[in-house]
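Every read-out reported here was derived from the displayed coordinates using simple, explicitly stated rules and does not represent laboratory data. What you are looking at is a predicted structure, and each value in this text was computed from that prediction instead of being measured. Please note: Cβ atoms are built from the backbone with ideal geometry, for glycine as well, and neighbour counts cover all protein chains shown.
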Amino acid sequence: MTIPSLDLKAQYDTIKAEIDEAIRTVIDRTDFILGKTVTALEERIAAYCGVKYAVGLNSGTDALFASLKALGITKGDEVITTPFSFIATAEVITLLEARPVFVDIDPKTFNLDPTKIAERITKKTKAIIPVHLYGQPADMQPILDIAAKHNLPIIEDAAQAFGAEYNQKKTGSLGTVGCFSFFPSKNLGAYGDGGMIVTNQKNIADYVCMWRAHGSSKKYYSEFVGDNSRLDTIQAAILSVKLKYLDRWNEARAQKAKTYDQLLNRVGVVTPYADPRVKHIYHQYTVKTPDRDKLAAWLTTNDIETKVYYPLPLHQQPALSYLGYQAGDFPVTEQACQEVLSLPIYPELTADQQQKVIKTITDFYRQP
Ligand SMILES: *Cc1c(COP(=O)(O)O)cnc(C)c1O
């Protein structure tokens, strides 16, 4: 029996009746586009995050794109972000013909290194996008200080960090706009694509609300060119069920992370550093080792699935080669790409499964 890196079926089995009922209710009402299910979820998520507004969208990528649009980012602008993320973070900047300006990461947290941001700010800089990678918030206070000093908005890419906290504040509520993804593998995952922005600024919420419906707030009357990017109503119904369980699930992940920490620390891998000011939600449990590829192969041989997030930094992606970055530009990120390995972690991972993962890793380091 393979131990998968994530088991969505095991989770569905625990909430099947409620999920099936929620889906049926939407179909019975034939209320398929937006409607009260989406509005209710938006209100609950705004309250959960401690912000005034939330707007449901088609994906996390669209949440990032719409945020940049709402902030007026346009051709020739520069946006500071991390090269150690999913492509979407930089892609949305380039879609607007703006330029992603990368800043290397902190080797302990894998998040933006705040001490390296100021030197990259120019007259063209228009925003900063910190990513809360693996479910751990970036070190936001120094980033907020730099942003305030230069009068720059912050867009949090909180796609992997729904429910995580920094100094007791939820991710998404720390910057100007927060972006979430409900991609199925995220901690709060839909059964398809989905995303959301959260913000305290009414003008941003209003803009995104219109943008997701062709730039209109009145049917067949468009004020600006937008898109079709509404959060699907069936997905909103599913997310409303799952949101009730999210804190428990995140807590179960944190417990499993603690078990990994205790038993893997002595073995030979570097276990994840958790900043004491944050609540880490362990979207991924990512260890570091120079033997990464051999360890991953050994785990595969022993029927344990692992993942590498990410094997290639954004500045070395063929799609972004036109930016002119080179190998060696961001050494901390490049080394992380060689050394990180994400182990199975999810609320339904059993104690036996986890012990097998730990034993298999221990055995790897005991080999002659
Ligand atoms: C998942 C993810 C996204 C994109 O979300 P989608 O819903 O798949 O569009 C953006 N940034 C990060 C860091 C992600 O992990």
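Descriptive notes on the structure:
- Other residues with beta-carbon under 15 Å from the beta-carbon of A159 carry, at +1 per Lys or Arg and -1 per Asp or Glu, a net charge of -3.
- Projected-area average for the chain over all orientations - Cα convex hull basis, square nanometres: 18.8
- Amide H partners (placed H, <5 Å) of V101, local residues excluded: V79, I80, T81
- Backbone phi angles across segment 278-287, fed through the Karplus curve with coefficients 6.51, -1.76 and 1.60 (θ = phi - 60°), yield HN-Hα couplings of 10, 9, 8, 9, 6, 4, 10, 10, 10, 9 Hz in residue order; Gly and Pro are listed as x.
- When the C-alpha to C-alpha distance is required to be over 21 Å, the pairs from K9/K307; K186/K244; K9/K108; K16/K242 that qualify are K9/K108.
- Size descriptor, Kirkwood hydrodynamic radius, that averages inverse alpha-carbon separations across segment 39-98, Å: 12.8
- Normalised contact order of the chain, rounded percent, pairs of Cα under 8 Å and 6 or more residues apart: 22
- Mean-position separation - Cα centroids, segment 202-239 and segment 171-195, in angstrom: 17
- Extent along principal axes [Cα atoms of segment 77-132; Å; largest to smallest]: 32, 24, 12
- Sum of side-chain charges, L341 neighbourhood, beta-carbon under 10 Å (Lys, Arg +1; Asp, Glu -1): 0
- Counting only the Cα atoms, segment 225-308 fills a convex hull of 207 Å³ per residue.
- When both segment 302-327 and segment 30-97 are represented by their alpha-carbon centers, they are found 23 Å apart.
- DSSP beta bridges in the chain [antiparallel fraction, %, rounded to 5]: 65
- Rounded to the nearest 20 debye, the dipole magnitude of segment 227-368 is 480 debye, with +1 charges on Lys and Arg beta carbons, -1 on Asp and Glu beta carbons, and the Cα centre as origin.
- Size of segment 1-88 as Cα extents on the principal axes (Å, biggest first): 50, 41, 25
- Each Lys and Arg contributes +1 and each Asp and Glu -1, all at the Cβ; summed about the Cα centre of the chain, the dipole is approximately 540 debye.
- For segment 104-190, the Stokes-Einstein estimate of translational diffusion at 4 °C and a viscosity of 1.567 mPa s comes to 98 µm²/s, using the Kirkwood hydrodynamic radius over alpha-carbon pairs.
- Simple point charges give the picture: +1 on the Cβ of Lys and Arg, -1 on the Cβ of Asp and Glu, and for segment 51-118 a dipole about the Cα centre of about 180 debye.
- Taking 19 Å as the limit for the C-alpha separation, the pairs K258/K288; K69/K126; K149/K279; K256/K359 exceed it in the case of K149/K279.
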